[in-house]
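The values are calculated or read from the model by the stated rules, or taken from the named source; none is laboratory data. It should be emphasised that the depicted structure is a prediction, and the values quoted were computed from it without experimental measurement. Reconstructed Cβ throughout: ideal geometry from the backbone, glycine too, with neighbour counts over all protein chains shown.
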Amino acid sequence: MATSNSVPETVTRQIGRLAVTTTAEGAEFHRVFDAPRRLVWEAMSKAEHYPHWWGPRSQRMASCELDFRPGGKWRFVTAGADGVEHAFRGEIREVVPFERIVQTFEYEGAPGNVMLDALTLTEEGGKTVMRATSRLESGSPEAVAAMMASGMAEGAAEAYDRLEEYVRTLA
């Protein structure tokens, strides 16, 4: 039986509309948004949109820095009602407009555990299909297991629900 600090086996589960497959190296995410790709891309590529959707509803965006270009850096800080802040950062590695984003992701509360995230967007029948992989670039498989046990997938599912709600306001 796996504990929160052990290396997980490959497991696929559905969290709302988000399918998540976890492995020792990271996770794969799949979700369909009821919105055109151009609007989903807009919300994912400009800093002014992130405070409206990034993170769980229980958190507010305290700081949002995004230099959306290859080599650009990003840093988001969220805070809960208790005032506790959580900071995340990374570097944009690749941008293919409306189709693909590759970036690093690091939770500052667990420094040195860097994930490489690759996200692709396609459009089918006016809906956006998102497929993303998050793979360990540095750190340990135990850190990946701890991240997943911390509720990362549930937080992502909630953020993507918020993203879909938000892009409706951009139409």
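May I ask you to verify whether residue 75 is in contact with a His (Cβ under 7 Å, 6 or more places away or on another chain) and part of a strand (DSSP E or B)?
Working: in contact with a His (Cβ under 7 Å, 6 or more places away or on another chain): no; part of a strand (DSSP E or B): yes.
Judged against the criteria, residue 75 is not a match.
Determine, yes or no, whether residue 146 is over 12 Å from the mean Cα position of the chain (by Cα), within 23 Å of residue 26 (Cα to Cα), touching a residue at least 40 places away in the same chain (Cβ under 8 Å) and not in a strand (DSSP E or B).
Values: over 12 Å from the mean Cα position of the chain (by Cα): yes; within 23 Å of residue 26 (Cα to Cα): yes; touching a residue at least 40 places away in the same chain (Cβ under 8 Å): yes; not in a strand (DSSP E or B): yes.
Spelling it out, residue 146 is indeed over 12 Å from the mean Cα position of the chain (by Cα), within 23 Å of residue 26 (Cα to Cα), touching a residue at least 40 places away in the same chain (Cβ under 8 Å) and not in a strand (DSSP E or B).
Report whether or not residue 117 is surrounded by 13 or more Cβ atoms within 10 Å (Cβ to Cβ) and at negative phi. I'd like the intermediate steps shown before the answer.
Numbers: surrounded by 13 or more Cβ atoms within 10 Å (Cβ to Cβ): yes; at negative phi: yes.
So residue 117 passes the test.
Identify all residues within the range 134-160 that are surrounded by 18 or more Cβ atoms within 10 Å (Cβ to Cβ), farther than 23 Å from residue 58 by Cα and among the hydroxyl-bearing types (Ser, Thr, Tyr); write none if there are none.
Result: 134, single match.
Among the residues in the range 19-34, are any loosely packed, with under 14 Cβ neighbours inside 10 Å, under 18 Å from residue 166 (Cβ atoms) and among the charged types (D, E, K, R)?
Step one: filter the range 19-34 for residues loosely packed, with under 14 Cβ neighbours inside 10 Å, giving 34.
In the following step, the residues that additionally are under 18 Å from residue 166 (Cβ atoms) were identified as 34.
Add one more test, that the residue is among the charged types (D, E, K, R), and what stays is 34.
Yes: one or more hits.
Just to be sure, is residue 31 basic (Lys, Arg), under 24 Å from residue 169 (Cβ atoms) and not in a strand (DSSP E or B)? Break it down into steps so the answer makes sense when it comes.
Working: basic (Lys, Arg): yes; under 24 Å from residue 169 (Cβ atoms): yes; not in a strand (DSSP E or B): no.
Here the answer is no, as residue 31 does not meet what is asked.
Going through 133, 128 one at a time, which residue ends up being part of a strand (DSSP E or B), modelled with pLDDT of 95 or more, of a type in the set (Ser, Thr, Tyr) and within 12 Å of the chain's Cα centre (by Cα)?
133
Okay, residues lined up against (1) touching a Pro at 6+ places or on another chain (Cβ under 8 Å); (2) surrounded by 15 or more Cβ atoms within 10 Å (Cβ to Cβ); (3) of a type outside the set (S, T, N, Q); (4) at pLDDT 95 or above:
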residue	(1), (2), (3), (4)
70	no, no, yes, yes
75	no, yes, yes, yes
92	yes, yes, yes, yes
107	no, yes, yes, no
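Filter the range 46-65 down to the residues that are surrounded by 17 or more Cβ atoms within 10 Å (Cβ to Cβ) and either touching a residue at least 40 places away in the same chain (Cβ under 8 Å) or part of a loop (DSSP other than H, G, I, E, B) (or both) and list them by number.
Step one: list which residues in the range 46-65 are surrounded by 17 or more Cβ atoms within 10 Å (Cβ to Cβ), which gives 49-50, 53-55, 59.
Across the range 46-65, the qualifying residues are 49, 53, 54, 55.
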